[in-house]
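The values are calculated or read from the model by the stated rules, or taken from the named source; none is laboratory data. In this text, all values refer to a predicted model and were calculated from it rather than measured experimentally. No Cβ is skipped: glycine too gets one built from the backbone with ideal geometry, and neighbour counts run over all protein chains shown.
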Amino acid sequence: MRTVLFVLTLLATQGLFAQDVIAFLDYMGRLQVFDRGVFSQVDHLKPEWIKVGGNMVVYSDAQANLKVYQNGKVTKIDDAAGTDVVVTDHLVGFTVAGMFKAYDGRVRLLSSVTGPHITEDSVAAFKDDRVQNVGAYYKGEIVVLEDQLAGNAVLQWKAGDNLLAWVSAYDRKFKVFYHGEVIELCDLVTEMEFKCGLDMVAYRDMSDKSFKVFYKGTVYDLEGQMPQRYEVGKGVMAWLDLSGALKVFDGKLVHTAMGFEPKRWEVMDSLVVIEDRNFLNVFTQGRVHMVERFVPEQWQASWSYLAYVDVDRALKVWRNGVSEVVVRGQPVQEFILDRGLILARLNQTTAKVWWRGTLYEH
């Protein structure tokens, strides 16, 4: 095996379940898929590219057809490979010859003449340059969000896993499309500071310049002023306040994770990973957990899992305060963690997959 191709996307998902599917190329360039404990060869010719989201493997085959592997079957979804292909748990978004399409079990044409577009886990948004509006595809339906006939209807827009936030040029309002409804958060807006995640939009309220968060339909006041830095993930947000304290909002409470600025911190899906004083820490479930008394050179976080190589070169996975050894005694050259599933390359000929506590070898 001259090379093993690990091509995955970070998942945007609404559940806390382990991923069941991963894909890679074997030493002959053949597309292999691990699906719920079983390896299978999906294509004998090397694909142009591979993307994985949820339990779908999307790839452009050697003839540039766009195909999807799901539930043991391969389906061709377009004669062209497409561009701007985004694969999430529930949607595949792509453009072909200016047309914006989505696949959620069947191919749906969302716009025949498309401007900017966004694909997330359960919502795809687009500007239709033919009918001059801004729409969103959600649960099988296209919803018109803004009429663009008077000009550019959207000044800014960003998307989270299951929502879209934007500033309307028409009425100068800051809005959120969430669970099929449009919710207005601010008015008299020309520009906004905001970030989106799963069920969550963090933003500066333009009326009083305060820091607020929209979470599952409710707006929470967090700080009187905007923080030095803030990051939004999947149902969790962390920020560095003006005093230097690291705080976390978990959808229920505001926690002070650290009373001082740590050396490094990141929001990775539902975890806040903190490096400080040569310790690797994780904030989850309302408190800080110490994972290791050193900072690994290699670590990855996805959803509620953290994988890393320890000082003995063993590959470990951590979740909810418990560490487990994935591979020991065999040096790991590289690995990919994606929501509880780990694909590890041990050497040029061996790939292993850790899934639901069991290690499988190819």
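Please specify each residue of segment 318-362 satisfying the condition of being surrounded by 15 or more Cβ atoms within 10 Å (Cβ to Cβ) and touching a Gly at 6+ places or on another chain (Cβ under 8 Å).
Arg319, Trp355 - these are the residues of segment 318-362 that are surrounded by 15 or more Cβ atoms within 10 Å (Cβ to Cβ) and touching a Gly at 6+ places or on another chain (Cβ under 8 Å).
Check whether at least one residue in segment 150-163 is in contact with a Gly (Cβ under 8 Å, 6 or more places away or on another chain), hydrophobic (A, V, I, L, M, F, W, C), surrounded by 16 or more Cβ atoms within 10 Å (Cβ to Cβ) and in a strand (DSSP E or B), and report yes or no.
No, because not a single residue in segment 150-163 is in contact with a Gly (Cβ under 8 Å, 6 or more places away or on another chain), hydrophobic (A, V, I, L, M, F, W, C), surrounded by 16 or more Cβ atoms within 10 Å (Cβ to Cβ) and in a strand (DSSP E or B).
Against the conditions (1) among the β-branched types (Val, Ile, Thr); (2) surrounded by fewer than 21 Cβ atoms within 10 Å (Cβ to Cβ); (3) touching a residue at least 12 places away in the same chain (Cβ under 8 Å); (4) part of a strand (DSSP E or B), where does Thr190 fall short? Just the number, please.
(4)
Looking only at segment 221-247, which residues are within 18 Å of Gly160 (Cα to Cα) and of a type outside the set (Gly, Ala, Ser)?
The answer is Tyr230, Glu231, Val232, Lys234, Val236, Met237, Trp239.
Take the conditions of a type in the set (S, T, N, Q) and either more than 18 Å from the chain's Cα centre (by Cα) or crowded, with 21+ Cβ neighbours inside 10 Å (or both) and apply them to Ser304. Does it pass?
No: the conditions fail for Ser304.
Condition first: surrounded by 15 or more Cβ atoms within 10 Å (Cβ to Cβ) and more than 26 Å from the chain's Cα centre (by Cα). Now tell me which residues in segment 206-247 satisfy that.
Residues satisfying the conditions are Met206, Ser210, Glu223, Ala245.
Could we say that Val74 is modelled with pLDDT of 95 or more and crowded, with 18+ Cβ neighbours inside 10 Å here?
For Val74, the condition - modelled with pLDDT of 95 or more and crowded, with 18+ Cβ neighbours inside 10 Å - is not met.
So which pairs qualify, if the first residue must be in segment 52-70 and more than 17 Å from Arg30 (Cβ to Cβ), the second must be assigned to a strand (DSSP E or B) and of a type in the set (Asp, Glu), the Cβ gap must be under 8 Å, and the two must be at least 6 apart or on different chains?
Asn55/Asp35; Leu66/Asp78
Condition first: at pLDDT 95 or above, within 20 Å of Ala202 (Cα to Cα), surrounded by fewer than 21 Cβ atoms within 10 Å (Cβ to Cβ) and of a type outside the set (Asp, Glu). Now tell me which residues in segment 248-267 satisfy that.
Across segment 248-267, the qualifying residues are Leu253, Val254, His255, Thr256, Ala257.
Report yes if some residue within segment 106-122 is within 19 Å of the chain's Cα centre (by Cα), modelled with pLDDT of 90 or more, assigned to a strand (DSSP E or B) and more than 26 Å from Val57 (Cα to Cα); otherwise report no.
Here is the first cut: in segment 106-122, the ones within 19 Å of the chain's Cα centre (by Cα) are 117-122.
Keeping just the survivors that are modelled with pLDDT of 90 or more gives 117-122.
Right, trim to assigned to a strand (DSSP E or B) and you get 117-119.
Still in the list and also more than 26 Å from Val57 (Cα to Cα): none.
Scanning segment 106-122, I find no residue that is within 19 Å of the chain's Cα centre (by Cα), modelled with pLDDT of 90 or more, assigned to a strand (DSSP E or B) and more than 26 Å from Val57 (Cα to Cα), so the answer is no.
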